[in-house]
1. Does residue 85 count as closer than 26 Å to residue 29 by Cα, in a strand (DSSP E or B), at pLDDT 85 or above and in contact with a strand residue (DSSP E or B) (Cβ under 6 Å, 6 or more places away or on another chain)?
2. Within segment 13-35, can one find any residue that is without any contact (Cβ under 8 Å) to a residue 60 or more places away in the chain, surrounded by 15 or more Cβ atoms within 10 Å (Cβ to Cβ) and over 14 Å from the mean Cα position of the chain (by Cα)?
3. Can you confirm whether segment 48-55 contains a residue that is loosely packed, with under 14 Cβ neighbours inside 10 Å and touching a residue at least 24 places away in the same chain (Cβ under 8 Å)?
4. Condition first: under 30 Å from residue 22 (Cα atoms), in contact with a helix residue (DSSP H, G or I) (Cβ under 8 Å, 6 or more places away or on another chain) and modelled with pLDDT of 90 or more. Can you find one or more residues in segment 68-80 that meet it?
5. Go through (1) over 12 Å from residue 86 (Cα atoms); (2) exposed (fewer than 13 other Cβ atoms within 10 Å of the Cβ); (3) touching a residue at least 12 places away in the same chain (Cβ under 8 Å) one by one and return the number of the condition residue 61 breaks.
6. Would you call residue 9 within 19 Å of residue 99 (Cβ to Cβ) and out of contact with any strand residue (DSSP E or B) (no Cβ under 6 Å at 6 or more places or on another chain)?
7. Which one of the conditions (1) surrounded by 14 or more Cβ atoms within 10 Å (Cβ to Cβ); (2) closer than 17 Å to residue 45 by Cβ does residue 83 fail to meet, given that it meets all the rest?
8. Got a sec? Which of 38, 47 is at negative phi and modelled with pLDDT of 85 or more?
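The values are calculated or read from the model by the stated rules, or taken from the named source; none is laboratory data. Just so we're clear, the structure is a prediction, and the values are computed from it rather than from any experiment. Note: ideal-geometry Cβ built from the backbone for every residue, glycine included; neighbour counts use all protein chains shown.
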């Protein structure tokens with residue numbers, strides 16, 4: 001009888017251990033995605049890019065893709081405003097896609113109208 005109880009206990013301990021490993025993998029992938037998104041957004045802001053584009057983080061992280069969405073917003077204090085949304089995507093174990101989205105607002109230079 002005690003062997004059965006020990007066996008059941010060992011099964012539950014093993015299942016808990018495997019669940020914690022899966023959680024660790026997901027957290028590690030999400031952390032990498034967040035850091036990549038923050039770095040790419042900083043790069044976009046420093047370069048002043050304001051066009052929609054996409055790519056990946058090859059060669060270091062080719063499994064992570066990114067897409068920049070730009071939407072023009074109403075002017076504030078006579079300055080044109082745009083919302084930049086960066087979406088970083090990654091497929092967990094090649095199956096379920098996980099997205100991380102960060103957004104920021106920025107002003108941009110309007111092109112002069114030709115007369």
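1. yes
2. Looking through segment 13-35, none of the residues is without any contact (Cβ under 8 Å) to a residue 60 or more places away in the chain, surrounded by 15 or more Cβ atoms within 10 Å (Cβ to Cβ) and over 14 Å from the mean Cα position of the chain (by Cα).
3. The initial filter retains those residues of segment 48-55 that are loosely packed, with under 14 Cβ neighbours inside 10 Å, namely 48, 51-55.
In the following step, the residues that additionally are touching a residue at least 24 places away in the same chain (Cβ under 8 Å) were identified as 48.
Yes - at least one qualifying residue is present in segment 48-55.
4. Residues of segment 68-80 under 30 Å from residue 22 (Cα atoms): 68.
Adding the requirement that they be in contact with a helix residue (DSSP H, G or I) (Cβ under 8 Å, 6 or more places away or on another chain) leaves 68.
Subsequent filtering for residues that are modelled with pLDDT of 90 or more retains 68.
So far as segment 68-80 goes, yes, one or more of its residues are under 30 Å from residue 22 (Cα atoms), in contact with a helix residue (DSSP H, G or I) (Cβ under 8 Å, 6 or more places away or on another chain) and modelled with pLDDT of 90 or more.
5. So residue 61 meets the others, but not (2).
6. The answer is no for residue 9.
7. Among (1) surrounded by 14 or more Cβ atoms within 10 Å (Cβ to Cβ); (2) closer than 17 Å to residue 45 by Cβ, the lone unmet condition for residue 83 is (1).
8. Of 38, 47, the one residue that is at negative phi and modelled with pLDDT of 85 or more is 38.
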